[in-house]
1. Which residue, Thr123, Leu68, Leu84, has the largest displacement toward the positive end of the dipole of region 62-168 when charges sit on each Cβ (Lys, Arg +1; Asp, Glu -1)?
2. Long-range amide H contacts for Val147: which residues qualify at under 5 Å (H placed 1.01 Å from N, peptide plane, sequence gap of 5 or more or a different chain)?
3. Can you compute 3J(HN,Hα) from phi for each residue in region 112-123, using the Karplus curve 6.51 cos²θ - 1.76 cosθ + 1.60 with θ = phi - 60°, rounded to whole Hz and x for Gly and Pro?
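All of the numbers you see were taken from the coordinates with simple rules; none came from a lab. Treat the numbers as computed from the prediction; the structure is a model and nothing was measured. With ideal geometry, Cβ positions are generated from the backbone for all residues, glycine too; neighbour counts draw on all protein chains shown.
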Amino acid sequence: IGDNAIGHVRYSTTGRNSIQNVQPFLYHFIDGDVALAHNGNLVNASSLRNRLEKHGAIFQSDSDTEILIHLIRNHIEDGFIPALKKSLNEVHGGFAFLLLQKDRMIAALDPNGIRPLCIGRLTNGAYVVASETCALDIVQAEFVRDVQPGELIIFDQEGMHIDHFTTQTQLAVCSMEYVYFARPDSIIHGVTVHNARK
């Protein structure tokens with residue numbers, strides 16, 4: 001039994017609804033394992049995938065999620081966090097990424113904050129990251145803050161560290177979060193979904 005985990009409960013937004021597209025994805029590398037979960041759509045997925053395949057990348061799924069890990073590996077000589085930042089600046093669209101390594105968890109939100117992502121804290125001090133505040137309520141975590149557009153937040157043994165992969169941001173939450181995706185008891189960027197539906 002471990003003391004950290006990530007999960008994913010949404011259907012595949014690109015590609016087929018097949019076992020190959022079930023998240024989180026787990027990757028084993030000589031320099032450490034990485035688990036990856038993603039909510040959103042990468043609008044430049046096709047062009048990035050074509051470029052990566054031409055340079056030798058082998059994809060195990062037809063999900064746009066897998067593109068990020070191949071981009072990271074292309075830049076890995078810079079170190080994982082710098083490689084992640086470079087890669088997040090190459091993908092475009094609405095995305096919320098969660099990555100898990102042996103000693104840390106990393107959350108990243110697209111420059112427009114199209115997909116919501118929030119942070120909570122359990123009574124034992126552990127952090128929880130979720131796409132909706134109702135998930136925090138279920139595990140009795142106290143809401144800490146929303147992940148802001150362009151942020152890269154790292155959780156490790158020392159706590160929560162706020163960084164950015166870009167400062168070129170403009171908040172533009174997708175209206176479908178309020179009227180279709182989110183549960184009525186969730187709060188998105190300080191507005192209750194219930195009130196937004198009136």
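1. Checking the options against the dipole of region 62-168, the answer is Thr123.
2. Leu117, Cys118, Ile119
3. With coefficients 6.51, -1.76 and 1.60, one gets 10, x, 5, 9, x, 8, 10, 10, x, 9, 7, 5 Hz.
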